[in-house]
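Visitor: Okay, handing you the structure first.
The values are calculated or read from the model by the stated rules, or taken from the named source; none is laboratory data. All of these numbers come straight from a predicted model, not from anything done at the bench. Note: ideal-geometry Cβ built from the backbone for every residue, glycine included; neighbour counts use all protein chains shown. Note: accessible area is taken over every heavy atom of the protein model, side chains too, but ligands, DNA and RNA are not part of it. Shrake-Rupley method; radii C 1.70, N 1.55, O 1.52, S 1.80 Å.
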Amino acid sequence: MKAVVQRVLKANLKVDGNLISQIDQGLVVFFGVGVGDEEKDIDKMALKISKLRIFEDEKGKMNLSIKEIGGKILLVSQFTLFADCSHGNRPSFFEAEKPERANLFYQIMKEKLVAEGIDVQMGIFGEDMKIEALNDGPVTILLDSKIL
């Protein structure tokens, strides 16, 4: 399981020009499920995301978590995090989980983050989504459940 976590001042997500989700200060989390990932990987990932101290405190140091600042998460499914670009120029996605199971894990990830006390907005699984984000910092963190 992989995630790209971006600290943002605001973000929105549209499908077919229609606004689906939007957040103010918080995180955009691009979330991908790989073949062989398990629910315990979701537990580790949700806990890590909820506790990452990547927001500035009163001294300007990255010392606060999403929960401590009352921020929101825009959670976006993204199978392309499992792209294999080692052969040729066209990525393969054999390491990405099949859509049905990946969508189930995407929904569970939302539930786990909400259980941590975080307001979570979502995209629409499998749709062509357009995301606008005002990155803050920028701060971008890569997470892999296999090394958490």
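Visitor: Is it the case that S65 is under 16 Å from V4 (Cβ atoms) and out of contact with any Cys (no Cβ under 9 Å at 6 or more places or on another chain)?
Guide: Against the criterion (under 16 Å from V4 (Cβ atoms) and out of contact with any Cys (no Cβ under 9 Å at 6 or more places or on another chain)), S65 does not qualify.
Visitor: Which one is most open to solvent (accessible area, probe 1.4 Å) among residues in segment 6-35 that are in contact with a Gly (Cβ under 7 Å, 6 or more places away or on another chain) and hydrophobic (A, V, I, L, M, F, W, C)?
Guide: Per the criteria, the residue is I20.
Visitor: Still on this structure, please answer the following. Applying the selection to segment 50-65, what residues are open to solvent by less than 30 Å² (accessible area, probe 1.4 Å) and in contact with a strand residue (DSSP E or B) (Cβ under 6 Å, 6 or more places away or on another chain)?
Guide: Passing the criteria: I54, F55, D57.
Visitor: Of the residues that sit in segment 76-121 and are among the polar types (S, T, N, Q) and within 13 Å of the chain's Cα centre (by Cα), which one is least open to solvent (accessible area, probe 1.4 Å)?
Guide: S77
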